[in-house]
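**Student:** Next up is a structure, given as structure tokens.
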Amino acid sequence: MYRGVIRAVVLFVMTACLSGLHGQTIDWDRVEQHSASAWEPCIAGRCIYPTWMNGCPFFYYNVRKGDSTRYYLVDARNGHKIPMVKDVAAFTARYASLTGDSLDRNDFRLHGLTFNRGDVRRFFLRHRKGTLVYDLRRGTLAFTDEQPDTDGVPPHFRQTCHSADSAFTMLGSGHDLYVRNNRTGTVRRLTTDGREEASYTYRACVDTVPSNIRGCWMGHRYVCLLQDMSEVQDISLINSLGKGRPQTLTFQMPMPGDEGVPRYRLFWYNADTDEARLLPIDKYPDQTVELDHFSTGEALYFTRRSRTADCIDLCRVNLADGTVDELISETTRPHINLTLMNHLVFRQGRYILWWSERTGRGNYYLYDGEGRLLHRVTRGDRLVAGRIVRVDTVRNELLFAGYGEDPQVNPCYTYYYKASLNGTRQVLLTPGNGNHELSLSHDGRYAIDRCSRVDCPPTVRVLSIDRPSRSFEVDRMDESALRAAGWQPPTLVKVKAADGVTDLYGVMYVPSTLDPARKYPLITNVYPGPQDDQLPLSFVVDENGNQSLAELGFVVINVSVRGSSPLRGREFYCYGYGNLRDYPLPDTRHVVEELASRYPFIDLDRVGIYGHSGGAFQTVAAMLTYPDFFKVGVAASGNHDNNIYIQWWGETFHGVTAETDSVSHRTRFHTHIPTNMELADRLQGDLLLITGDMDRNVPPSSTYRMAHALIEAHKRFDFFILPGKDHGVMDDYYLNLIRYYFVEHLLHPTRRDIDIINHH
């Protein structure tokens, strides 16, 4: 697959590469053989994704073992599994005779497979000719007029245009709301302030349309959260690949320090009294408001968050009269952990689970329905609590994800726990050194635990929530085909940060033909966070193309630095606050030096760095801060100037200052984030900038300004625009740009002028 692309890209740099080969050659076939495109067919069908049945403690899955695919039915109570198809040859022959379609007896897929609720004796298959039913005990397959009963799945919260009793219908016309009394047939206009950028509807229509509204009915009360974008400024991109003439794509994007940001209004309507008004929800200047999907029928909940991102409140709308109560107010400085911040209202509003970082690590606390703190629920000095999986109101238990409790494993691995709501007991459900994924049965009594690491394929176990020590291994991924294709697990690494105290975790990829007596250039693949850590945790082959890159003759590493992960507690997560450009750089360099001291085959004189998005921002900052250390860099889709990037990201993670005018009482926000452009004159190594010209996440203007700053500083660099590409630039061509650039400049460096004006 890569070979054709490689040939297409080769003209970009191969001429320069060949001039410095000195008799050596690059084995591009090995790169292709150790790539994701070569390895993914080896694991296709071998990863296990079970499906729970409704109404009974059973689940089923299909998996490829060797040269055949099999379906299994598993009893979660004892881990016992049986083949779902008694005789595969007879089944496929019967299927062909009934449908006229053939099935490969060694690799067949049962499309549209369902079971009757609570019935493990038969399963149903959808086919264009009708519904088939298979009897597991008898091994018979036949068409049937019976339709499977699969009810019992909990309904999802959704917007509604009709009240539950159909007495009233909310309509949208233009950008405003109209209500129809279905008893009398009368229609009344409710709002007059709707406009294109502050609309009560999804789209402007000339007629009243029921499906066009944004809010929902609760009884005879209607609530709609309106986002006002009318003051947010536009940004434009030029689509050069559009039909005919190039076209301009314009969209709104608030930036750090902007006066024009999204603003929110909450509309309430009482159909019984025909009263409509905006509710008093304002507290913080330029606040962010989000509706909670939970409603008691008598109350609706929402959160509001300050623009400075250090304050958040949980509020209740009393639907009967439209009054608003503040129940919980949380202040966390320098900023709230937006990734993990969570809450749950349950037992008809009588209790609230609230996530808080008040101890420095996130945990859940129990409040009563009026916002009075009762006690802490989750426990552990090192534990960081994550998402809520389930609240069992019968057993008074909370099931939740957690991180960091075991000091011997990567603190970003996900584990699952159950805790009593009274805070007296907490039990680990998913032991084992790896990243865990939990799938809960419909009744919440059993769970499937899928555990893996980047160096260890998945193992699937089933466990009892009531007795978690009673667990059974169901299956594990067959890696024989993958091993036969040349896959070898990467090396997990653990090193100290530049402070000599904090443990950092990562992955190291080396060539399959590694010669410990040789010296290999090192390339570090970086991403700073802080909203997300992109270190691979679960099993994946050739993650981000790092193994195939290593096959060219490199050591490739990916290590998460301080400030990179929201899962490791506030001190770690907020390490870079107020220093958004520079905070990851000392650790980035120190990690390379630490690994080089540990592995003699790493050549510290040939160090490269590359990254995408925030990783590109970090790449350029590292090249310019340590110009003698990082010799080569590739930076794609980078936010090199965070002052023209997304408002919430820059303001939350770097900081913003609020100033309120004493006369107008208008609050304005100010920030300035150091940019890579300010360091442009420090470039010494080889740098390739890449951007997609249709990137709506990190607009290409940031990369263009970086290029301009380098030109103004008289620096030579390379620049590549991917026409028509959005932020997701990952494809074969992009991967090969990275590969060729590092081959040219790290394996076979050529003498080049750095200062393109003065030639020195």
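Each value in this text was obtained by applying a stated rule to the coordinates, not by laboratory testing. None of these values were measured; they are calculated from a predicted model. Because the Cβ atoms are built from the backbone with ideal geometry, glycine has one as well, and the counts that use them run over all protein chains shown.
**Student:** Between segment 350-408 and segment 288-325, how far is it from one alpha carbon centroid to the other, in angstrom?
**Tutor:** 20 Å
**Student:** Here's a follow-up. In whole angstrom, how far apart do the alpha carbon centroids of segment 557-596 and segment 71-115 sit?
**Tutor:** Here the two parts' Cα centres lie 50 Å apart.
**Student:** What residues have an amide H closer than 5 Å to that of Gly386, excluding those fewer than 5 places away on the same chain, when H is modeled at 1.01 Å from N in the peptide plane?
**Tutor:** Correct list: Ala401, Gly402, Tyr403.
**Student:** Choose one of Gln408, Gly444, Cys315: the residue whose Cα lies farthest towards the positive end of the charge dipole of the chain (beta-carbon charges +1 Lys, Arg; -1 Asp, Glu; about the Cα centre).
**Tutor:** Gly444
**Student:** Dipole of the chain (Lys/Arg Cβ +1, Asp/Glu Cβ -1, origin at the Cα centre): which of Pro723, Ile465, Phe143 lies farthest to the positive side?
**Tutor:** Highest projection toward the positive end goes to Phe143.
**Student:** Counting only other residues whose beta carbon sits under 15 Å from that of Thr250, what net charge do I get with K and R as +1, D and E as -1?
**Tutor:** Numbers: positive: Arg696; negative: Glu196, Glu197, Asp234, Asp693, Asp695.
Charge balance in the 15 Å sphere: -4.
**Student:** With a cap of 10 neighbouring Cβ atoms within 10 Å, and only residues DSSP puts in a loop, list the trypsin sites (Lys or Arg not before Pro) found in segment 243-285.
**Tutor:** Qualifying residues, ordered by number: Lys243.
**Student:** Magnitude of the Cβ-charge dipole of the chain, K/R +1 and D/E -1, about the Cα centre, nearest 20 debye? Show your work: numbers first, answer last.
**Tutor:** On the way: 85 positive and 91 negative charges, 424 e Å.
Computed about the Cα centre, the dipole is about 2040 debye.
**Student:** Just add up the charged neighbours of Asp455: K/R +1, D/E -1, any other residue whose Cβ is under 14 Å from the Cβ of Asp455.
**Tutor:** Here the count lands on 0.
**Student:** Can you give the calculated 222 nm mean residue ellipticity of the chain, where each DSSP H run of n ≥ 4 adds -39,500 (n - 2.57) and the sum is split over every residue, rounded to the nearest 500 deg cm²/dmol?
**Tutor:** Helix-only estimate at 222 nm: -4500 deg cm²/dmol.
**Student:** In percent, what relative contact order does segment 359-506 have, based on Cα pairs under 8 Å that are 6 or more apart in sequence?
**Tutor:** Relative contact order of segment 359-506: 12 percent.
**Student:** Over the chain, what is the relative contact order in whole percent, taking alpha-carbon pairs under 8 Å and six or more residues apart?
**Tutor:** Over the chain, the number comes to 10 percent.
**Student:** Right, another one. If you average the sequence gap of Cα pairs under 8 Å that are 6 or more apart and divide by the length of segment 51-144, what percent do you get for the contact order?
**Tutor:** Contact order relative to length: 21 percent.
**Student:** Could you sort 91-103, 696-708 so that the peptide with the highest average Cβ count within 10 Å comes first and the rest follow in order?
**Tutor:** The packing order, highest mean first, is 696-708, 91-103.
**Student:** Residue by residue, what Karplus-based ³J(HN,Hα) values in Hz, rounded to whole numbers, does segment 304-310 have, using 6.51, -1.76 and 1.60 with θ = phi - 60° and x for Gly and Pro?
**Tutor:** So the J values, rounded to whole Hz, are 10, 10, 5, 5, 6, 6, 10.
**Student:** Further question: Choose one of Ile336, Ser356, Val384: the residue whose Cα lies farthest towards the positive end of the charge dipole of segment 324-422 (beta-carbon charges +1 Lys, Arg; -1 Asp, Glu; about the Cα centre).
**Tutor:** My answer, from the dipole projection, is Val384.
**Student:** Just for segment 576-670, what percent of DSSP beta bridges are antiparallel, to the closest 5?
**Tutor:** Of those bridges, close to 45 percent are antiparallel.
**Student:** Would you list, by chain and number, the aspartates and glutamates whose Cα falls below 13 Å from the Cα of Lys418, excluding same-chain residues fewer than 8 positions away?
**Tutor:** Asp392, Glu397, Asp466
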